[in-house]
């Protein structure tokens, strides 16, 4: 019996909640009060008097220093934002003010209504904000693998030499970027490659020179005259003795060339 009673109670509550939700949705751009759809007050106004069964909502103008930027059912307007430094937009009855901070100052809340003097960070540091709606600024060291090489700067990622196919000359630190290049071992390898290329070139040059020098000898052997081969031995011996003091074979070859 108790269980059935609980079930019936839950069903009734769900029914009334559903009916109330449906009635509220039927009001569309108005709100439901005591079973009646009441008009919302437009921007720049507030609900001065709630609607009744016979009258509609009575809206009043927002006073100076207050605003309302949407259709609502509130009975008062919101206070305008007060800026500590600069108004980038003045407050009106339908829009709140906008604020900013002067040179050398930073916002210290989420709407920039308060300002604090900017800290001067050194190299290797950057300004970090702490807090959510209200916050302060302080200098903190650059995290790992980052650096800041100027005052009032921001931490930047160190250059990854390996990603560019280079060797690490200087790994970098909090105040200086890493330096990349090629180590001496790399230059030696390049020198070996150059020596190999020079050796191959010298080989081909020497072979070409030998071929060029042997061409005259080959032409002489192919085009020597038969009568030079039939010269008497006496003439050859006499001429050879008169021309040069060489062996008979060498002088004979010389005479053949002259013929």
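Going through the stretch 130-153 one residue at a time, which ones are more than 20 Å from residue 174 (Cα to Cα), surrounded by fewer than 15 Cβ atoms within 10 Å (Cβ to Cβ) and touching a residue at least 12 places away in the same chain (Cβ under 8 Å)?
Listed by number, the residues that qualify are 132, 133, 134, 136.
Filter the stretch 120-153 down to the residues that are over 19 Å from residue 108 (Cα atoms) and not in a strand (DSSP E or B) and list them by number.
Taking the stretch 120-153 first, the residues over 19 Å from residue 108 (Cα atoms) are 122-125, 141-151, 153.
Within the stretch 120-153, 122, 123, 124, 142, 143, 144, 145, 148, 149, 150, 151, 153 meet the criteria.
From the list 60, 102, exactly one residue is in contact with a strand residue (DSSP E or B) (Cβ under 8 Å, 6 or more places away or on another chain) and assigned to a loop (DSSP other than H, G, I, E, B). Which is it? Show your work before the answer.
Values: 60 fails: assigned to a loop (DSSP other than H, G, I, E, B).
Criteria check complete, one pass: 102.
Could you check, for the stretch 7-27, whether at least one of its residues is surrounded by 10 or more Cβ atoms within 10 Å (Cβ to Cβ), at pLDDT 60 or above and either in contact with a helix residue (DSSP H, G or I) (Cβ under 8 Å, 6 or more places away or on another chain) or part of a loop (DSSP other than H, G, I, E, B) (or both)?
Yes.
Go through the residues of the stretch 185-206 one by one and say whether even a single one is at pLDDT 75 or above, surrounded by 14 or more Cβ atoms within 10 Å (Cβ to Cβ) and either closer than 25 Å to residue 122 by Cβ or under 46 Å from the mean Cα position of the chain (by Cα) (or both).
The initial filter retains those residues of the stretch 185-206 that are at pLDDT 75 or above, namely 196-206.
Checking which are surrounded by 14 or more Cβ atoms within 10 Å (Cβ to Cβ) leaves us with none.
Among the residues of the stretch 185-206, not one is at pLDDT 75 or above, surrounded by 14 or more Cβ atoms within 10 Å (Cβ to Cβ) and either closer than 25 Å to residue 122 by Cβ or under 46 Å from the mean Cα position of the chain (by Cα) (or both), which makes the answer no.
The values are calculated or read from the model by the stated rules, or taken from the named source; none is laboratory data. What you see is a predicted model, and the numbers here were worked out from it, not measured in a lab. Don't worry about glycine lacking a Cβ; one is built from the backbone with ideal geometry, like all the others, and counts go over all protein chains shown.
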